[in-house]
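Let me begin by presenting the structure, written as structure tokens, before commenting on it.
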Amino acid sequence: MTTTNWSPSISKAGGPLYLAIADALATDIASGRLTDGFRLPPQRTLADQLGIDFTTVSRAYAEARKRGLVEGRVGQGTYVTARRPASAGSAVTGIIDMSMNLPPRFDDPDLAAAMWDGIAQLQSSHGLDLLMRYQEAGGTSRDRAAGAAWLAPRLGEIDTGRLLVAPGAQGALLALLGALAAPGETICAEALTYPGLLAVAQHLRIHVAGIAMDAQGLIPEAFEEACRKHAPKILYCTPTLHNPTTATLSLARRERIVSIARQHNVLIVEDDAYGALPAKPVAALAALAPDITYHVAGLAKCVAPALRVAYVVVPQGRTVAHLAGAVRATAGMASPLTSAVATHWVENGIAHSVLAAIRTEAKQRQAIVSKILPAKLVQADPEGFHVWLKLPGHWNRSDFAARLRSAGIGVVTSDAFAATEPAPEAVRLGLGAAPSHASLAASLEVVAALLAQQSAMSSMVV
Ligand SMILES: Cc1ncc(COP(=O)(O)O)c(C=O)c1O
């Protein structure tokens, strides 16, 4: 075991000194400065070094023990026990997996520490009950109120009776489609859509009719034609920062889509996974047509994927009872523990700080993309964190993805998103998994170099 001559940075701190030391410890663990197994200086040594009372250091170490940051070993000292998550990429090569659409990793140790502190604080506010109980399928009233507060900038004030806490957007979609559509029925979705929606539809034996898109997203006239042809009950769509094409529907298109949906008695399932990212969002479909829209707002892309929490708002005049029943049947409920974490983060402003950090990081990463990849091939939005890369004529998507894979870079070809054949020659790059700007740039350089090559010249066939 290693002993550190660690010294906490507490100069800026206000409040009790022992808490400042425990906070500094949390920050240094979150930043990787202190890692698992490091032995902290003996309490008396640290007290002498800082010129403070021994009991203050003693209280600080006790506080850190309470937060699960350190453990005392009899006769051996105090050791760091908190593990920093493994990096998503290879530190050696700088090559990363761009196949997952993760929110970009932000480099803010204080914010990371605040997120973990928020989790630790649930122990004192909720006690063992939070770990040892089930709860209502739709979430506690406090969790639902936090959801309503989180959504207020986009949906205005909503009655929490219309809001349900679901086990992630994926869990919400399974419950929703199961409750709203019967096997054999047809729903509409953008021609390229979120693969998780296609998986749910396949699982439930529901057909998906793909609606043509252009660079601005779903084409209203194509939706109208699909309504006449298939008489669907549901339109599923992602109007903001669409996955995979990054398109955001204009207000005019949204209004037109709402009016077509009303005319043909179609319910809308608005997947707003990326809806919190734009600083000036276009009005949500659920704000334009609250009477016919189910709004699914997952926290995965704008706060943290591991929470597995999504807020679902049902149309005005309906209750969450039917959807809560479907959640109960499919997943039981959202995790009480992570729902409470989300609530705490929303109530204490941590969720908004994380969102701000993701927004800043997304912009910086998109700026790197525009420096490295040819603009004419890139469809992207500065506020999103994925890129839709349209391949030049000399490449087909499967060869291109295979060549990148052999260079250690994962991307997703259009096939994964295609509700309707044929899929275009394009791939999606997720910018979030790269642990640093340098590793993102290194990976994009590989992509750019490959784009410039002729595919026949890039592989040897004998
Ligand atoms: C449009 C869309 N909806 C939902 C999800 C998944 O959300 P969750 O992780 O909450 O299930 C994703 C993830 O990529 C997505 O792009």
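Just one of the listed residues (Gly317, Gly325) is more than 16 Å from the ligand (Cβ to nearest atom), of a type outside the set (Asp, Glu), outside any strand (DSSP E or B) and at positive phi, namely Gly317.
The set of residues from the stretch 205-241 being open to solvent by less than 40 Å² (accessible area, probe 1.4 Å), touching a Leu at 6+ places or on another chain (Cβ under 8 Å) and at negative phi comprises Ile206, Val208, Gly210, Ile211, Leu218, Phe223, Ile234, Leu235, Tyr236, Cys237, Pro239, Thr240. Name every residue in the stretch 122-163 that is assigned to a helix (DSSP H, G or I), small (Gly, Ala, Ser) and open to solvent by less than 70 Å² (accessible area, probe 1.4 Å), in order of residue number. Result: Ala145, Ala146, Gly147, Ala148, Ala149, Ala152, Gly161. Residues in the stretch 181-191 that are open to solvent by less than 40 Å² (accessible area, probe 1.4 Å) and either among the charged types (D, E, K, R) or within 16 Å of the ligand (Cβ to nearest atom) (or both): Ile187, Cys188, Ala189, Glu190, Ala191. Taking the conditions (1) on the phi > 0 side of the Ramachandran plot; (2) surrounded by fewer than 21 Cβ atoms within 10 Å (Cβ to Cβ) in turn, Gly168 satisfies each one other than (2).
Regarding Tyr194, is this residue within 13 Å of the ligand (Cβ to nearest atom), in contact with a Phe, Trp or Tyr (Cβ under 8 Å, 6 or more places away or on another chain), closer than 24 Å to Val412 by Cβ and among the aromatic types (Phe, Trp, Tyr)? The answer is yes for Tyr194. Answer with yes or no whether Gly178 is assigned to a helix (DSSP H, G or I), among the small types (Gly, Ala, Ser), modelled with pLDDT of 95 or more and within 15 Å of the ligand (Cβ to nearest atom). No: the conditions fail for Gly178.
Taking the criterion of being of a type in the set (Ser, Thr, Tyr) and closer than 18 Å to Val327 by Cβ, the residues of the stretch 122-177 that qualify are Tyr134, Thr140, Ser141, Thr160.
Can you name the residue in the stretch 372-395 that is open to solvent by 30 Å² or more (accessible area, probe 1.4 Å) and in contact (Cβ under 8 Å) with a residue 60 or more places away in the chain and is also nearest to Lys280 (Cα to Cα) among such residues? Across the stretch 372-395, the extreme among qualifying residues is Glu383.
When residues in the stretch 334-356 are screened for being open to solvent by less than 40 Å² (accessible area, probe 1.4 Å), touching a residue at least 60 places away in the same chain (Cβ under 8 Å) and not small (Gly, Ala, Ser), 9 of them pass. Scanning the stretch 1-31 for residues that are charged (D, E, K, R), modelled with pLDDT of 70 or more and open to solvent by 70 Å² or more (accessible area, probe 1.4 Å) yields nothing. Counting only helices (runs of 4 or more DSSP H) that fall entirely inside the stretch 346-462 and contain at least 1 residues that are of a type in the set (Phe, Trp, Tyr) and touching a helix residue (DSSP H, G or I) at 6+ places or on another chain (Cβ under 8 Å), the qualifying elements are 397-406.
The values are calculated or read from the model by the stated rules, or taken from the named source; none is laboratory data. Keep in mind that this is a model prediction, so the values were computed, not measured. For neighbour counting, all protein chains shown are included, and Cβ atoms are generated from backbone atoms with ideal geometry for every residue, glycine included. Surface accessibility is based on the protein's heavy atoms, side chains included, excluding ligands, DNA and RNA. Shrake-Rupley method; radii C 1.70, N 1.55, O 1.52, S 1.80 Å.
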